[in-house]
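What follows is a short report on a single structure.
The values are calculated or read from the model by the stated rules, or taken from the named source; none is laboratory data. Quantities reported herein were computed from a predicted structural model and do not represent experimental measurements. Note: ideal-geometry Cβ built from the backbone for every residue, glycine included; neighbour counts use all protein chains shown.
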Amino acid sequence: MRAIRFEATGGPEVLQLVDVETPKPGPGQVLVRHEAIGVNFIDTYQRGGLYPVKLPSGLGSEAAGVVAAVGEGVTRFKAGDPIAYAGGPLGAYSEFHVVAADRAVKLPAGVDARTAAASLLKGMTAEFLLRRCHAVQPGETILVHAAAGGVGQIMVQWAKALGAEVIATVGSQEKAARARELGADHVILYREQDFAAEVKRITGGKGVPVAYDSVGKDTFEGTLASLARRGMFVSYGNASGPAPAVEPLRLSRGGSLFFTRPTLFDYIATTAELDESAGALFALIGSGKIRIDIGQTFPLAQARRAHEALAGRATIGASLLIP
């Protein structure tokens, strides 16, 4: 089978298309024949060395397709089932991949492989951020950075479904238009405007009870300044580089603030949590309350170009590799 591998960390140029043996599922595992593969910012962090991985390595943790074979003891799936996963061993950038059966989900009718691969990791991230990390309430005003990105687009729609008022930040006029289409109530071009001042203006000087920041270094100070008393800073990405360290007294001086750096996998640690999170996402997709925007697709062989587009913030919505 064809797969993407890298032997050293670095820029997109380290990604190589190679021919390797198709794996076989062991006990408790399934072999998935991929139809679509999700491309996520975490992939760039692993490729670049920000998140260390053992080398040489495959890449990618999200894909969807069909069960090609099941290992001993697997009852959760059978050959031919439509399936998706977001996690487990790296190696989704490939034609086939072996994953643990209890870390994958069956696709319901009406959710195809491309939609699943474009939404599962991002959508479950949105789910835990909005419903469990901070339980967004009807009428709350929240701040969502990178609102036209893969996670951001889902967050805006989900937050509106929860009855929230959404302040969205974006980096271009094109992305601003997209955020408005998704239902954002206020859109700020954070490179051109002082977004913290705008947030305070919009909220009558109070600030927001929660801010979701996947940008990192470039927005860190402004996000802190955007919070209301006892507000929560949810840092879940590093698109512009890692955020600086936080001194506890800064949180005290800012108004008894909370700061958290969560990861999805601590919120889907059990199979029951995984099924509930994915089920909530698929239900909203099925109801039409969330539309998944596949902004760009690339052949598997062009994984390098996909990473260049992602790092250059030249993407809107989700990006997919197609085997």
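The table below lists the values:
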item	result
Residue match in the range 114-132 (condition: touching a residue at least 40 places away in the same chain (Cβ under 8 Å), surrounded by fewer than 19 Cβ atoms within 10 Å (Cβ to Cβ) and of a type outside the set (D, E, K, R))	no
Selection within the range 3-32 - under 13 Å from L59 (Cα atoms) and in a strand (DSSP E or B)	A3, I4, R5, F6, Q16, L17, V18
Residue in the range 182-189 that is of a type outside the set (A, V, I, L, M), within 13 Å of L143 (Cα to Cα), crowded, with 22+ Cβ neighbours inside 10 Å and not assigned by TED's automatic domain parsing to the domain that holds G317 present	no
Among residues of the range 143-163, those that are touching a strand residue (DSSP E or B) at 6+ places or on another chain (Cβ under 8 Å) and crowded, with 24+ Cβ neighbours inside 10 Å, counted	13
The range 78-90, subset within 30 Å of F6 (Cβ to Cβ) and part of a loop (DSSP other than H, G, I, E, B), residue modelled with the highest pLDDT	L90
Residue within the range 155-172 that is β-branched (V, I, T), assigned to a helix (DSSP H, G or I), closer than 30 Å to G71 by Cα and out of contact with any Ser or Thr (no Cβ under 8 Å at 6 or more places or on another chain) present	no
Cross-chain or 6+ apart pairs with Cβ under 8 Å, the range 197-213 first and closer than 21 Å to A148 by Cα, then in a strand (DSSP E or B) and among the small types (G, A, S)	V208/A228; V208/G231; V210/G231; A211/G231; D213/S235
Residue, surrounded by the most Cβ atoms within 10 Å (Cβ to Cβ), within the range 214-232, restricted to residues that are within 21 Å of the chain's Cα centre (by Cα) and touching a residue at least 60 places away in the same chain (Cβ under 8 Å)	T223
Every pair of residues 6+ apart whose Cβ atoms lie under 7 Å, when the first sits in the range 2-15 and is farther than 13 Å from H307 by Cα while the second is of a type in the set (F, W, Y)	A3/Y93
Lone qualifier among A269, A239 - being part of a loop (DSSP other than H, G, I, E, B), on the phi < 0 side of the Ramachandran plot and free of Cβ contacts under 8 Å to residues at least 24 places away in the same chain	A269
